[in-house]
2 protein chains.
Amino acid sequence: MMPEVYVIGTACTPFGKRPQTSFKALTREAYLAALADAGMADGRDIAMAWFGNCGMGTFGQRNIRGQVCLSPLVREGLFPERIPTMNVEGGCATASQALHGAWKDIASGDAQLSLAIGVEKTFVPDDPARTQEIFDGGIDQLDPGEWLAYYRDAGEVSGKPFQPDDKRGTIFMDTYAMQAAYHMKRYGTTQRQIAIGAAKNHHHGSLNPLAQYRFTMTADEVLADRPISYPLTRSMCAPIGDGAAAALVCSKDYLASLPRGVRERAVKIRASAMSGGKYRSLDEPGLSRIAADRAYKMAGISPSDIDIAEVHDATSFCEIYQVEMLRFCAEGQGGAYVASGATALGGDRPVNLSGGLVSKGHPVGATGLSMIHELVLQLRGEAGERQAKNARLALAENGGGVVGFDEAACAITILERLEPN
Amino acid sequence: MMPEVYVIGTACTPFGKRPQTSFKALTREAYLAALADAGMADGRDIAMAWFGNCGMGTFGQRNIRGQVCLSPLVREGLFPERIPTMNVEGGCATASQALHGAWKDIASGDAQLSLAIGVEKTFVPDDPARTQEIFDGGIDQLDPGEWLAYYRDAGEVSGKPFQPDDKRGTIFMDTYAMQAAYHMKRYGTTQRQIAIGAAKNHHHGSLNPLAQYRFTMTADEVLADRPISYPLTRSMCAPIGDGAAAALVCSKDYLASLPRGVRERAVKIRASAMSGGKYRSLDEPGLSRIAADRAYKMAGISPSDIDIAEVHDATSFCEIYQVEMLRFCAEGQGGAYVASGATALGGDRPVNLSGGLVSKGHPVGATGLSMIHELVLQLRGEAGERQAKNARLALAENGGGVVGFDEAACAITILERLEPN
């Protein structure tokens, strides 16, 4: 039996375009809020930190990003000196990988208290090429021939030719659009179903004070929005933005040493499982299926036990795809499932109550931990207007980078509310 | 008690200037050699990979570096599909951090077999500025004011003024030179002692077929070499180079399932401990002391139990400093200790039998695992002409980045030869 691991504090900064806020300021904001959430005045017991980021090199800092960003906090006595920091990077799945590392600190018995933090800035008002550079890192730049050939073939099968030379931004939205087109062709999924999911998440985001977009949209408005790459319109796509999120995780023994008020708000990590992508055949399940099945097995539960989820809706099509991969509905039924209202606030299994990436925002290396923050709030009953009822088991699915129709990396985390005792 | 973790296969490519060899080719070379060393035809049992690299962004690839480099091996069935890869980065300590992650996979019970690999290219024949860019990531680029002020003060105390405007390359050699000057002033360490250590490592490197430099040098020749930053001459400094190194680690149960020939060559990881740097006062022990003390405690041994070590001699002064921090000799006695011959092949406690960074070479993100490779060879009795006698316990010290007189990150690994049974 693996030792038990608990989340005792989480935080998420407001997401959005924050060009005036430095990496160090974002780090401080998320870290101090996570400490406060765990009822701590300083982080003296933290034994290790996992720092997730993708784009700091574009702003001039590489190699020791976490150490650089935590250094002022060390000087001020708010972060313990001499403890190790591990910098991790996995595209849009980065922050979940940081959490996985911290989880392993505790699960291995190497630490009693560990920090996972993800910090990102992707908005560069004076130089959009630098934003592009950050996202370009999410696909093989050394030998692009392999994916160019893959996408050309996939485009033909999908009935949506791959035209990378037409691109005005990253090719990622094109690849998601192609996946959507393939799903529509194979299963009869409709653009309106995608729009209904987008409208649902914009509604959720309107109830989340941290969300980048807090306006509501009807499905008709989503459909009428500016086209990005058919069938995707702008409001079906995650925006560019900045932010940070963090979580403090600890052992059972350490938890027992904490005040009752902290113990009662703790959330248990029932599973942390990851997987990697490959150039798969188009109708083979994606890598999140692999990670999810591992996570369900680790937690000893079935998909139907999950009450709420945050999934990686880089586009609203992705949410349709992921609810299938997570076995919330049958393959091919994701569009109907989302359109049924099952995944909306008040539905059977609310998904992306935070607003998801399309509304809450998507600062790449922070996104995974923002999902954890949302789920922890929900499990504790602290989610305000967007509170789910009676949620006990929650799942986060976070994917990063692309390898054909797969992401390059996927992380699944399953959290459980503690029963009052 | 933490579960036991074993190294069953290691590999290191030849280090050197290899501009024609791609990241993917270096990855393949180290990975396949580590597999072969573990007696495996493919890596089907590997459950997770930790990929260390610092500079690939300079060559156009960020975010999903490991996934990109392992992708061809997945396609060929040599690396298992769908398993997760964690990209880690910690300056020159990167590869040891990758090993720490893999160690934790096993120690947590999350995996039975895990891969750590470090891959680096730092030599860019047509554009030295890009080499510089890779190394610049090892210091705070967001707010350089803090270290500029620290080094100005340290320079005054050391009697070696900090003149960053004079620099022709990275400022790292200047900071090491300043540390050397401080040590010379405080303890009477001499430039000749540093040169004796450099000559010793060049001798060791001459016996290592993988070393970048295989020529010998006398201490007089080292002293007469081109000055870099007094007291350091060129042959006291690690060269620019490319390479990769890897290790396969596994659980006790998995080890028991392997053929006798693999089991008998396995090496046990007795400790893996890390620490972080800070802007310390000049006479306060460095961060490797913290990590080493943690490692000794974890292994339940004392410094005198260590038979051989690989330490991070980015410059030959660093070796003098590190043997003190590791408690191989008293503080201030590192120069005399190294000059005594104790750390040479045939001495009481050979250090850097591989040739160390100054002779074996230093492809940043691969260096830590090259240390592990050397120590595993030594413990197995497979080190050829540079074989230490009767080594049972071995220590690797790997530091990365700089924060004042500290590195930003340090990792200590203690390995033990298995007794025949």
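None of the figures in this text is laboratory data; all of them are computed from the coordinates on show. Every value quoted in this text rests on a predicted model; they were computed, and no experiment measured them. Counting neighbours? That spans all protein chains shown, and the Cβs are built from the backbone with ideal geometry, glycine included.
Does the range B:239-296 come out rounded, prolate or oblate, given a ≥ b ≥ c as the square roots of the eigenvalues of its C-alpha gyration tensor, rounded meaning a/c under 1.5 and, failing that, prolate meaning a/b above b/c?
On the way: a/c = 4.10, a/b = 1.92, b/c = 2.13.
Verdict is oblate for the range B:239-296.
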For the range B:259-275, just list the computed ³J(HN,Hα) in residue order, Karplus coefficients 6.51, -1.76 and 1.60, θ = phi - 60°, integers in Hz, with x standing in for Gly and Pro. x, 3, x, 7, 4, 5, 9, 5, 10, 8, 8, 7, 7, 9, 9, 10, 8
Compute the acute angle (0 to 90°) between the alpha-carbon long axis of helix A:145-158 and the principal axis of greatest extent of the alpha-carbon atoms of chain A; round to the nearest 10°. 60
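Ratio of Rg to Rh for the range B:180-278, alpha carbon only, Kirkwood?
Working: Rg = 19.8 Å, Rh = 17.3 Å.
Rounded to two decimals, Rg over Rh is 1.15.
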With +1 on the Cβ of every Lys and Arg and -1 on the Cβ of every Asp and Glu, and nothing else charged, how large is the dipole of the range A:58-176 about its Cα centre, in debye rounded to the nearest 20? 420
Neighbouring partner chain Cβ atoms per residue of A:269-281, average, 10 Å criterion: 4
Beta carbons within 10 angstrom, averaged per residue: use that to sort the peptides B:36-45, B:234-243, highest first. B:234-243, B:36-45
So if I place +1 on the C-beta of Lys and Arg and -1 on the C-beta of Asp and Glu, and nothing else carries charge, what would the dipole magnitude of the protein assembly as shown be about its Cα centre? I want it in debye, nearest 20. 580
What is the angle, in °, between the Cα long axis of helix A:287-299 and the longest principal axis of the Cα atoms in chain A? Nearest 10 is fine, range 0 to 90. 40
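Enter the mean number of other protein chain beta carbons within 10 Å of the beta carbon of each residue in B:406-415, as an integer.
So the per-residue partner count for this stretch is 3.
Given Cα positions, please report Rg to Rh for the range A:87-194, the hydrodynamic radius being the Kirkwood one. Could you put the intermediate results ahead of the total?
Working: Rg = 18.7 Å, Rh = 16.9 Å.
A ratio of 1.10.
Divide the volume of the convex hull of the Cα atoms of the range A:60-148 by its number of residues and quote the answer in cubic angstrom per residue. Write down the numbers at each step before the final one.
Numbers: hull volume 12.3 nm³, N = 89.
Here the figure is 138 Å³ per residue.
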Among the lysines, select those whose C-alpha is under 21 Å from the C-alpha of residue A:160, and discard any that sit fewer than 8 residues away in the same chain. A:185
Exceeding the 19 Å Cα-Cα cut-off - candidates B:104/B:389; A:104/A:252; B:17/B:121; B:360/B:389; A:268/B:297; A:17/A:200: B:104/B:389; B:360/B:389; A:268/B:297; A:17/A:200
What is the antiparallel percent of DSSP beta bridges lying wholly in the protein assembly as shown, to the nearest 5? 75
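Using only atoms on other chains, find how many Cβ atoms lie within 10 Å of each Cβ of peptide A:141-147 and report the average.
Numbers: counts 10, 11, 6, 1, 0, 4, 1.
For this peptide, the per-residue mean of nearby foreign Cβ atoms is 5.
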Regarding the protein assembly as shown, what is the average projected area of its C-alpha convex hull, in nm²? 31.7
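Which of the GluC sites (Glu not before Pro) found in the range B:318-421 are in a DSSP loop and have at most 16 neighbouring Cβ atoms, other than their own, within 10 Å? The partial results should precede the final answer.
Working: sites: B:319, B:324, B:331, B:374, B:382, B:385, B:397, B:407, B:416; in loops: B:331, B:382.
Those that pass, being in a loop and sparsely packed, are B:331, B:382.
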Write down Rg/Rh for the range A:289-421, rounded to two decimals, with Rg from the C-alpha atoms and Rh from the Kirkwood relation over Cα pairs. 0.93
Alpha-carbon spread of the range A:1-157, three principal axes, descending order, Å: 55, 46, 25
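List the relative contact order of chain A as a percent without decimals, with contacts defined as Cα pairs under 8 Å and 6+ residues apart. Write out the running numbers ahead of the final one.
Numbers: 1014 pairs, mean separation 107.9, N = 421.
Result for chain A is 26 percent.
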If I fit a long axis through the Cα atoms of helix A:191-206 and take the longest principal axis of the Cα atoms of chain A, what angle between them do I get, 0 to 90°, rounded to 10? 30
Specify the inter-centroid distance of the range B:289-366 and the range A:307-385, based on alpha-carbon positions, in whole Å. 52
Most mobile of A:349, A:392, A:75 in a GNM of chain A (Cα contacts under 10 Å): A:75
Of A:290, A:301, A:196, which has the largest mean-square fluctuation in a 10 Å C-alpha GNM of chain A? A:301
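Counting Lys +1, Arg +1, Asp -1, Glu -1, what net charge surrounds residue A:186 among other residues with beta carbon under 10 Å of its beta carbon? Write out the running numbers ahead of the final one.
Numbers: positive: A:185; negative: A:283, A:331.
Within the 10 Å Cβ shell, the charges total -1.
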In the range A:266-421, taking the dipole from +1 charges on Lys and Arg beta carbons and -1 charges on Asp and Glu beta carbons about the Cα centre, the listed residue (A:399, A:333, A:372) farthest towards the positive end is A:372
How long are the semi-axes of the ellipsoid equivalent to chain A, from square roots of 5 times the Cα gyration tensor eigenvalues, in whole Å, largest first? 32, 24, 19
Roughly what percent of Cα-Cα pairs across the range A:147-224 reach past 14 Å? 68
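May I ask you to order B:182-192, A:173-183, B:114-124, A:354-364 by the average number of other C-beta atoms within 10 Å around their residues, highest value first? Provide the component values of the computation, followed by the final result.
Working: B:182-192: 17.9, A:173-183: 23.8, B:114-124: 28.5, A:354-364: 31.3.
For the peptides B:182-192, A:173-183, B:114-124, A:354-364, the packing ranking is A:354-364, B:114-124, A:173-183, B:182-192.
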